[in-house]
Amino acid sequence: MPLIMVAPYNTCYPQLEKHMSEVGILPTVNRWDEALALSMLDPHDSLSHPAGVSDVQAESATRMDPDQFTNFV
């Protein structure tokens with residue numbers, strides 16, 4: 001199973017547009033499903049790859065199945 005799973009932020013509330021504007025988030029930019037891997041595990045680095053962990057390549061983030069999306073308010 002991947003370490004990171006992404007899904008859209010699926011909510012709405014009266015001040016959402018104002019809050020997004022205050023922090024510089026553009027509502028027209030929608031890239032939740034284009035996750036960027038910032039680093040990979042190094043199998044030779046004891047800090048990122050402790051003893052006992054199998055030598056596998058780190059998986060990037062995966063998208064949550066739309067059937068699992070839930071609305072929250």
Task: Sole exception among (1) surrounded by 11 or more Cβ atoms within 10 Å (Cβ to Cβ); (2) in a loop (DSSP other than H, G, I, E, B); (3) modelled with pLDDT of 80 or more for residue 17, by number - done: (2)
Open item on the list: Tally up the residues in the range 20-73 that are of a type in the set (A, V, I, L, M), under 15 Å from the mean Cα position of the chain (by Cα) and either under 15 Å from residue 9 (Cα atoms) or at pLDDT 85 or above (or both), please.
Closed with: 2
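The values are calculated or read from the model by the stated rules, or taken from the named source; none is laboratory data. In this text the structure is predicted, and so the values were computed from the model without any measurement. As a convention, Cβ positions derive from the backbone with ideal geometry for all residues, glycine included, and neighbour counts pool all protein chains shown.
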